[in-house]
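Below is one structure, written out as structure tokens; the observations come after it.
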Amino acid sequence: MATTAPSLHDIIENERILTYFQPQVSLKRKAVIGLEALSRGFDPESGELIPPTSLFDQARDGVSRLALDRVCRTKAVESFATLHRRDKSVMLSMNIDASCINSMTRGSNHLLELVKRCGISPNNVIIEIIESRCEDENALMEFVRFYRKKNFLIGLDDVGAGYSNLDRIPLLKPDIIKLDRSLVSGVDKQFHKLEVVRSFVQMSSRLGCLVLAEGVETSNEAMCLLGNGIDIFQGFFFARPAPGLSAVPCMANKIDALAEKYRDNQTRRIAEEKQLFSGFYHIVLTMCQSLANRPSREIDHRLSEFIANYPNVECLYVLDMQGRQVSNTICNPDKLRKSKRFLYEPARIGADHSLKEYFLPIQAGLEKFTTPPYISMASGNLCTTIAQVFYHKGSRDHRILCVDMGRQNSDSCGASSAESG
């Protein structure tokens, strides 16, 4: 005979909540630095677990949400207290539904009293806020200010998800930003997604907060993120949620293997990049030597010949030492993205490149500068620009040859991005 699933009221009243923990891993430290508490309802008669989505979907009103949130919080802190006594260096990361923070609940100090009762230092607790559910911003800000003064850490969850409000980052000033799985999944294969991740990493480093990537499911995702400034990870690749610390001992070999793979991959990538650019630089110097003796009126024609002879070259153009373009932009017609011509347009004679990333180092005294991969405004493709100074006898002055090299087959996870050229 089938049993009836327990009601939400029964779950809350009898605290029928189990806490599972998912490790948060630092690859550089080769250690578990935190545990996120994840709540599951359970049916004592059948022994079946109730998934968190099903559990919280039942809490449709504010009173039920608050009651369920507090039961989950209590169980999480009590479960962590046992682990905390064994290892006081591990953090507890705990989700709090921002919709439960309002003028009625503000000042209850429920979490502070709970942590004190269980003998856990506030320094070991990260309050993860699901900011998309905030209904009272003033109450949320006061909540964050209060708990930060009490030495709790503040984390912002689901950053990068479709409904994430980026304006909350400067308001809440989080200690940790958790990148949503929608950004992490497949990041090693999608350049545009990787650029968004890089922007969060760069912003976080300037704001003084850490970035945690959640939902990591493959070693390639982890290695790509590690190569772009992220060191803290959470996801099925490392461990699935489990009671207590049962998942942690099995992770040591996986972390060591991934660290070794990352070192090997980075060493191989650096060697391949060195070989690739050695060939690129030889091509650029050959072009400069040829252009040096050509009259100005023949430069465009010579650039067209280069395009025909070097298939890796997407676009060529020449600048003067003030950053003004003195040739047309000559592009490989097979490389242009015709479907996006209204977005990507090669620059013309007279265009000002004086603020471009590849010109400023030349102006500062370098004879050559190479950009990391970026999306070219001339072709719409992933490319690298090499800017090389050469002496042009026809004008009796120095010129700068700019060469956009196609990078469609490059490992974009290994390098930072640059501005469009």
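Amide H contacts of Glu128 (H built 1.01 Å from N, in plane; Pro and chain starts excluded): Met94, Asn95, Ile96, Gly155 sit under 5 Å, all sequence-distant by 5 or more or on other chains.
Accessible area per residue (1.4 Å probe, heavy atoms of protein chains only) ranks Tyr20, Tyr147 as Tyr20, Tyr147, with the largest value leading.
Are any of the pairs Lys30/Lys75; Lys88/Lys254; Lys28/Lys254; Lys28/Lys261; Lys193/Lys261 more than 18 Å apart by Cα-Cα distance, and if so, which?
Check vs 18 Å cut-off fails for Lys30/Lys75; Lys88/Lys254; Lys193/Lys261.
In units of the rule-of-thumb radius 2.2 N^0.38 Å, the range 136-176 shows an alpha carbon radius of gyration of 1.16. When His84, His192, His398, His110 are compared by accessible area of protein heavy atoms, the largest-first order is His192, His398, His110, His84, using a 1.4 Å probe. Annotation: per residue accessible area for the chain equals 49 Å², rounded to a whole number [probe 1.4 Å, protein chains only]. Computed across the chain, the Kirkwood radius stands at 24.9 Å (inverse of mean 1/r, all Cα pairs). Against the chain, whose longest principal axis is taken from its Cα atoms, helix 191-207 shows a tilt of about 70°. As a length-normalised measure over Cα pairs under 8 Å and 6 or more apart, the relative contact order of the range 138-217 settles at 30 percent. Report, in degrees rounded to the nearest 10, the 0 to 90 angle that the Cα long axis of helix 137-149 makes with the longest principal axis of the chain. For 137-149 against the chain, the angle is about 80 degrees.
Once C-alpha pairs closer than 8 Å and six or more residues apart are averaged by separation and normalised to the residue number of the range 65-218, the relative contact order reads 18 percent.
With only the Cα atoms considered, the range 261-404 has a convex hull volume of 124 Å³ per residue. Can you compute the modelled spin-label distance between Asp334 and Leu276, with each label point 7 Å from Cα toward Cβ, in nm? For Asp334 paired with Leu276, the spin-label model returns 1.9 nm. Round to a whole number: what % of the accessible area of the chain belongs to carbon and sulfur, probe 1.4 Å? On the chain, the fraction of accessible area on carbon and sulfur atoms equals 51 percent. Accessible area per residue was computed with a 1.4 Å probe on protein heavy atoms; Ile270 scores about 100 Å². With the charge dipole of the chain set up from +1 on Lys and Arg Cβ and -1 on Asp and Glu Cβ about the Cα centre, the Cα lying farthest toward the positive end among the listed residues Gln388, Ile154, Ser64 is that of Gln388. In straight-distance terms, cross-link reach from Lys368 covers every one of the lysines whose alpha-carbon lies under 29 Å from its own, apart from those fewer than eight places away in the same chain; here that gives Lys274, Lys335, Lys356, Lys393. Taking only alpha carbon atoms, the range 1-51 gives an Rg to Rh ratio of 1.22, where Rh is the Kirkwood radius.
Across every pair of different alpha-carbon atoms, what Kirkwood hydrodynamic radius in Å does the range 124-267 reach? One over the average 1/r among Cα pairs gives 16.3 Å for the range 124-267. Expressed to the nearest 5 percent, the antiparallel share of DSSP beta bridges inside the chain is 65 percent.
Taking all protein chains as they are arranged and a probe of 1.4 Å, the heavy atoms of Tyr262 leave approximately 50 Å² accessible to solvent. Annotation: extensible slack from Tyr391 through Arg269 equals 40.6 nm (criterion: 0.36 nm per residue apart, minus Cα-Cα distance).
For the chain, the longest principal axis of the Cα atoms and the long axis of helix 251-292 meet at an angle of about 20 degrees. Scattering from the range 161-241 was approximated by placing one identical point on each alpha carbon and applying the Debye formula without solvent; log10 I(q)/I(0) at 0.12, 0.14, 0.15, 0.19 1/Å stands at -0.31, -0.43, -0.49, -0.79.
The values are calculated or read from the model by the stated rules, or taken from the named source; none is laboratory data. The structure displayed is predicted, hence computed values, not measured ones. Don't worry about glycine lacking a Cβ; one is built from the backbone with ideal geometry, like all the others, and counts go over all protein chains shown. When the accessible area is computed, the model is the full protein with side chains, heavy atoms only, and any ligands, DNA or RNA have been set aside. Shrake-Rupley method; radii C 1.70, N 1.55, O 1.52, S 1.80 Å.
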